[in-house]
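Below is one structure, written out as structure tokens, with a few remarks after it.
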Amino acid sequence: MNMYTKLWAVLALSTSMTLHAQTNELVVQTKKLGAEIQPTMYGLFFEDINYAADGGLYAELVKNRSFEFPQHLMGWNTYGKVELMNDGPFERNPHYVRLAYPGHDHKHTGLDNEGFFGIGVKKGEEYRFSVWARLPQGGAGEKIRIELVDTKSMGERQAFSAETLTIDSKEWKKYQVTLKPGETNPKATLRIFLASKGTVDLEHVSLFPVDTWNGHENGMRKDLAQALADIHPGVFRFPGGCIVEGTDLDTRYDWKKSVGPVENRPLNENRWQYTFAHRFFPDYYQSYGLGFYEYFLLSEEMGAAPLPIVNCGLACQYQNNEAKAHVDVCNLDSYIQDALDLIEFANGDVNTTWGKVRADMGHPASFNLKFIGVGNEQWGKEYPERLEPFIKAIRKAHPEIQIIGSSGPNSEGKEFDYLWPEMKRLKADLVDEHFYRPESWFLSQGARYDNYDRKGPKVFAGEYACHGQGKKWNHFHAALLEAAFMTGLERNADIVHMATYAPLFAHVEGWQWRPDMIWFDNLNSVRTVSYYVQQLFAHNMGTNVLPLTMDKKAVTGAEGQNGLFASAVFDKNKNEYIVKVANTSDKAQSLTLNFQGLKKQDVLADGKCIKLSSLDLDKDNTIEQPSAITPQESSVSMEGNTFSTELEAKTFAVYKFAKK
């Protein structure tokens, strides 16, 4: 009997030690609320890369609609008697086409548009065709026939939707008709026939789905805009990063050219057109149809603070090594005025010059702009010496506007170390940091912001994504490490005020950079696991940080913490405690969440757990399988003020408990 007693004692001690070694106790201090979490904490960054704007979020289906590409008929095929003209009604878009009788009743004049990797249309949906047209020789009326066609069809007719328009004026007028296709086709062609014997001029040929985001005529593709709104973003940064700089200053994004009547917004060469020879798209231009008015309106409708970025007088420094490519500091006045005018466009009274432009476009109320970014990924002394006069001018005219500077393209190193002190010297309100880094970097950065100077500028983690080593594609493991990194952002919400993943969009046939948060083709879109990570943080942001420790240390994936990263917040509006935990290890981890400091009368109700996990670390959602990996919610039970569970290997979890 004595022998068995000793054996049981040994086994009990061994089991106790094993359980102790395996249990990770996360202590959440509830007694005192920590830093307030800014409403801008989790947001979106939009850049027109990967056909994100024209051919993507911007719902226009016609490529080169105003014939202003340098090759004026790029995207079009013509037949019969078609002539390109250049004295059109719109000053910034002077080109148009003249369709004339081909000289024989059995010949046809017209033109086809290929769209962006085809024109995607759905059965039963309505599409608004519009065109500016005239009869240059006058007359009672001439007809054009508009068709959606399947050029690969084996049927008797290629057209599966057709309507006729009568052009009845010698003066330029806008005409429109609605097409309702009888079939779904992701690769249709828009065809326009001259259907009578006279001559017709056509300009600004457009085809939009009627059902756009919030029904705007010059609107957004509904599924893509809805995906953005579903994140509940707190901030929306636009119109991009490098496109703000331009390959040269002539092709920088100029916000003033992107507002006003859409027919008169000029074409701009996209910064990404010539960048990637390995995936080259020589037809990559910006119509400016998705312009600053549309960006501001989208921000407002999503409930996000708008964050426009303006050029600081520097062209892209990756592409320009000589000083002559940039604007001298002494010649920055027009660039600074552009920034001041932008603030007026967003917030100015309707009686101001640019406030009136906004009002004339349909929005007399202010867009309530509070932030402006000056420059993107600039570096060296060239940047702060140009940023300084912007800051002085904006502070003088608009002290209420917060100014965002940059720490350059890298997350550390020479340029980063130089620019941060410069941003402090110039008293920038926030500093934009960018991290396109491998797994090892994300695993090492859990405590990145723990020792940042709390007196300096706040942080905007403006562009980041985990780039798997040798895996330039979206996959679950990268998203998991992004979640781990974001717990460090959240824990340091007193210094980190904004964070946005990048890039946002990619067309499955037109991408040049990856990974990306949302992929799409002409009819469908897919939200990646990285998307769901962003959404889980945004939907469970809380109002205040709570201290969370393990063995009295922040849970940052440090040595001895079993690959765990964690943060905790309290939501005053919902009276709810929220704990986020990423298990990046290869083993399941036993967790205990211990909520300390609660009053005697406070009781935590049974809660919810939302998990993201995948047995295949290289897997992600695809167009074919859009829901392969999605958040899974379940109920969990409390024992007093303690919750115990086992968190599976390679899993991100959000635990939520309401206080009764």
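If a residue counts only when it is open to solvent by 60 Å² or more (accessible area, probe 1.4 Å), which strands (runs of 3 or more DSSP E) contained entirely in segment 160-218 have at least 1 such residues?
Counting at least 1 such residues, we get 173-179, 185-194.
Please list, ordered by residue number, the strands (runs of 3 or more DSSP E) wholly in segment 58-110 having 1 or more residues that are of a type outside the set (Lys, Arg) and touching a His at 6+ places or on another chain (Cβ under 6 Å).
Filter on segment 58-110 gives 81-85.
Just to be sure I understand, how many residues within segment 439-449 are open to solvent by 50 Å² or more (accessible area, probe 1.4 Å) and in a loop (DSSP other than H, G, I, E, B)?
0
Exactly one of (1) aliphatic (A, V, I, L, M); (2) within 11 Å of VAL496 (Cα to Cα); (3) free of Cβ contacts under 8 Å to residues at least 60 places away in the same chain is unmet by ILE403. Its number?
Every condition holds for ILE403 apart from (2).
Let me spell it out: the conditions are (1) modelled with pLDDT of 95 or more; (2) in contact with a strand residue (DSSP E or B) (Cβ under 8 Å, 6 or more places away or on another chain); (3) open to solvent by 10 Å² or more (accessible area, probe 1.4 Å); (4) of a type in the set (D, E, K, R), and LYS31 meets all of them except one. Which number is the exception?
(1)
Here are MET517, MET541: which of them is open to solvent by less than 10 Å² (accessible area, probe 1.4 Å) and closer than 22 Å to ALA227 by Cβ?
MET517
Inspect all residues belonging to segment 283-300 and state whether any of them is in contact with a helix residue (DSSP H, G or I) (Cβ under 6 Å, 6 or more places away or on another chain), modelled with pLDDT of 95 or more, among the aliphatic types (A, V, I, L, M) and open to solvent by less than 20 Å² (accessible area, probe 1.4 Å).
Within segment 283-300, none of the residues are in contact with a helix residue (DSSP H, G or I) (Cβ under 6 Å, 6 or more places away or on another chain), modelled with pLDDT of 95 or more, among the aliphatic types (A, V, I, L, M) and open to solvent by less than 20 Å² (accessible area, probe 1.4 Å).
Go through the residues of segment 464-474 one by one and say whether even a single one is under 18 Å from ILE404 (Cβ atoms) and either assigned to a loop (DSSP other than H, G, I, E, B) or not β-branched (Val, Ile, Thr) (or both).
The answer is yes, given that some residue of segment 464-474 is under 18 Å from ILE404 (Cβ atoms) and either assigned to a loop (DSSP other than H, G, I, E, B) or not β-branched (Val, Ile, Thr) (or both).
How many of the residues in segment 61-75 are surrounded by fewer than 24 Cβ atoms within 10 Å (Cβ to Cβ) and not small (Gly, Ala, Ser)?
Residues meeting the conditions: 9.
Which of the residues spanning segment 464-491 are open to solvent by 10 Å² or more (accessible area, probe 1.4 Å), in contact with a Phe, Trp or Tyr (Cβ under 9 Å, 6 or more places away or on another chain) and not basic (Lys, Arg)?
Passing the criteria: HIS467, ASN474.
Criterion first (over 26 Å from SER525 (Cα atoms), open to solvent by 20 Å² or more (accessible area, probe 1.4 Å) and without any contact (Cβ under 8 Å) to a residue 40 or more places away in the chain) does TYR452 satisfy it?
no
Against the condition within 29 Å of the chain's Cα centre (by Cα), hydroxyl-bearing (Ser, Thr, Tyr) and open to solvent by less than 80 Å² (accessible area, probe 1.4 Å), how does THR584 come out, does it pass?
yes
Do we have any residue at all in segment 544-557 that's polar (S, T, N, Q), over 29 Å from PRO515 (Cβ atoms), touching a strand residue (DSSP E or B) at 6+ places or on another chain (Cβ under 8 Å) and open to solvent by less than 50 Å² (accessible area, probe 1.4 Å)?
yes
Assess whether ASP494 counts as being farther than 30 Å from ILE119 by Cα and either polar (S, T, N, Q) or part of a loop (DSSP other than H, G, I, E, B) (or both).
yes
Here's a check for you: in segment 520-538, which residue that is over 13 Å from ASN474 (Cα atoms), assigned to a loop (DSSP other than H, G, I, E, B) and polar (S, T, N, Q) is least open to solvent (accessible area, probe 1.4 Å)?
Result: ASN522.
Answer yes or no: is there a residue in segment 35-47 that is touching a Ser or Thr at 6+ places or on another chain (Cβ under 8 Å), within 19 Å of GLY115 (Cα to Cα) and in contact (Cβ under 8 Å) with a residue 40 or more places away in the chain.
Taking every residue of segment 35-47 in turn, none turns out to be touching a Ser or Thr at 6+ places or on another chain (Cβ under 8 Å), within 19 Å of GLY115 (Cα to Cα) and in contact (Cβ under 8 Å) with a residue 40 or more places away in the chain.
Name the pairs whose Cβ atoms lie under 8 Å apart, with the first residue in segment 262-278 and within 17 Å of GLU60 (Cα to Cα) and in contact (Cβ under 8 Å) with a residue 12 or more places away in the chain, the second open to solvent by 50 Å² or more (accessible area, probe 1.4 Å) and part of a helix (DSSP H, G or I), and 6 or more positions between them or separate chains?
These pairs meet every condition: ARG265/LYS257; PRO266/LYS257; ASN268/LYS257.
Limited to segment 39-57, what total is found for residues that are more than 19 Å from ASP254 (Cβ to Cβ) and either part of a loop (DSSP other than H, G, I, E, B) or of a type outside the set (A, V, I, L, M) (or both)?
So the answer is 11.
Any residue at all in segment 146-153 that's more than 28 Å from PRO181 (Cβ to Cβ) and without any contact (Cβ under 8 Å) to a residue 40 or more places away in the chain?
no
Hey, HIS278 hits all of (1) more than 30 Å from LEU111 (Cβ to Cβ); (2) outside any loop (DSSP other than H, G, I, E, B); (3) modelled with pLDDT of 95 or more but one; which does it fall short on?
That leaves (3) as the condition not met.
Could you run through segment 618-640 and say how many residues are open to solvent by 50 Å² or more (accessible area, probe 1.4 Å) and assigned to a loop (DSSP other than H, G, I, E, B)?
Total meeting the criteria: 9.
The values are calculated or read from the model by the stated rules, or taken from the named source; none is laboratory data. Here the structure is a predicted model, which is why all the values come from computation and not from measurement. Note that we place each Cβ from the backbone using ideal geometry, even for glycine, and neighbour counts take in every protein chain shown. Just so you know, the surface numbers come from the protein's heavy atoms only, side chains and all, with ligands and any DNA or RNA stripped out. Shrake-Rupley method; radii C 1.70, N 1.55, O 1.52, S 1.80 Å.
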